[in-house]
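Peer 1: Quick one: the structure is below, and I'll ask about it shortly.
Every number in this text was worked out from the coordinates using simple rules, so none of it is lab data. Since the structure is predicted, the reported quantities are computational estimates derived from the model, not experimental observations. Every residue, glycine among them, receives a Cβ derived from its backbone with ideal geometry; neighbour counts consider all protein chains shown.
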Amino acid sequence: MMRDGATALAPGQSETIIEVRLPGRSYPIVIGEGLVASAGRRIAAALPGDDDRAPDVSFDLPGQRGNIGVELHFGIDQRSDIFSLGVVLYELLTGQRPFTADNMDSLITKITEIAPTPPTKLRSELPREIDAILFRALAKTPEQRYPTWTEFSLALTNLVEKVLPPGVIPDSEKYVALKRVPMLSGLSDSELWELALAGKWSEVPAKKTLVKEDEKGLSFFLVGKGQVKVTRKGRLLNTLDERECFGEMAYIRGGEMPRHATVESVTELLLAEFDPETLAKMSLSAQLHLTRALVRNLVDRLEAANMRIAH
């Protein structure tokens, strides 16, 4: 769940708007890493006004309210929200927040200066690797945190792999397989995660028939690892290696149609099958970029076939 949350929070969604209320006026400001609060600091230089004496700033935080001085910096990015998601994950795993205090000044001091208790000290059954992941997400400076949502998501996924039952294909392996496909280079990281989770992934032995010519089908397939051969009436038409797909005509046409060829595994495979019903649940942008990729890939194949015929 938290991995999915980290994936969904793409760049551009890393800013939060709060309303700063001053005597007689208020200002909406963007916060993230941009807001650093500490006792004795003021924001006169950051807010409109000619008065060199900074007023106290009043704002609300979940479950707390306080009048404190703040210093506003700029250059906000997703690392601020990675910190926030780290706080949520810490509480989900341990049952308590990483930073607690009786007043706002003490809370800010803990957030900016004091490391939280390692999660494994609060729950000994947790894997030890979770401490390093959360400490990096909750690091005091942005430079020490995960630089992107993708890296944070992969760290969480790699941890999950260690507790997966035997035979289960890790989500990170699915994502990496798709990331290496040139045809899918136009999809964003979050869209690749959508596609990875939409597929039906399996490990296939060698010499297994995957689709048969003249049989109707709706799905298309992607070879994550291994090699397949394409035949028609027993005649070899092509071989496809990892990072290539087949059966996409059925998906593009939007309905069942007879397969034009038989496809059989030559080696052991990591294979993904995508059916229209599941793909329709992805975001519209992911569906659009995927369809474009499949059409362009099909055009490239037709051009290559025409060149072979011409020569």
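Peer 1: Projected area of region 227-280, taken from the Cα convex hull and averaged over every viewing direction, in nm²?
Peer 2: Numbers: hull surface 16.9 nm².
Value for region 227-280: 4.2 nm².
Peer 1: Place a point 7 Å from the Cα of residue 256 along the Cα-to-Cβ direction; which residues of region 219-233 have their backbone N under 13 Å from it?
Peer 2: 219
Peer 1: Long-range amide H contacts for residue 211: which residues qualify at under 5 Å (H placed 1.01 Å from N, peptide plane, sequence gap of 5 or more or a different chain)?
Peer 2: Residues meeting the amide H criterion: 263.
Peer 1: Can you compute the FRET efficiency between residue 209 and residue 249 using 1/(1 + (r/R0)^6), with r the Cβ-Cβ distance and R0 = 30 Å? Round to the nearest 0.05.
Peer 2: 0.95
Peer 1: Figure the gain on full extension for residue 291 and residue 161 (residue separation times 0.36 nm, minus the Cα-Cα span) and round it to one decimal in nm.
Peer 2: Values: separation 130, 0.36 × 130 = 46.80 nm, distance 3.05 nm.
Full extension from residue 291 to residue 161 adds 43.8 nm.
Peer 1: When the dipole is taken about the Cα centre of region 153-311, and only Lys, Arg (+1) and Asp, Glu (-1) are charged at their Cβ, what size is it in debye, to the nearest 20?
Peer 2: For this selection, approximately 480 debye.
Peer 1: Separate question: For region 83-140, what are the per-bin percents of Cα-Cα distances with bins 5 Å wide, up to the bin holding the maximum?
Peer 2: 4, 20, 31, 25, 13, 5, 1
Peer 1: Take the alpha-carbon positions of region 140-288, form their convex hull, and give its projected area averaged over all directions (one quarter of the hull surface) in nm².
Peer 2: Mean shadow area of the hull around the Cα atoms is 10.5 nm².
Peer 1: Report, in cubic angstrom per residue, the convex hull volume of the C-alpha atoms of region 126-178.
Peer 2: 65 Å³
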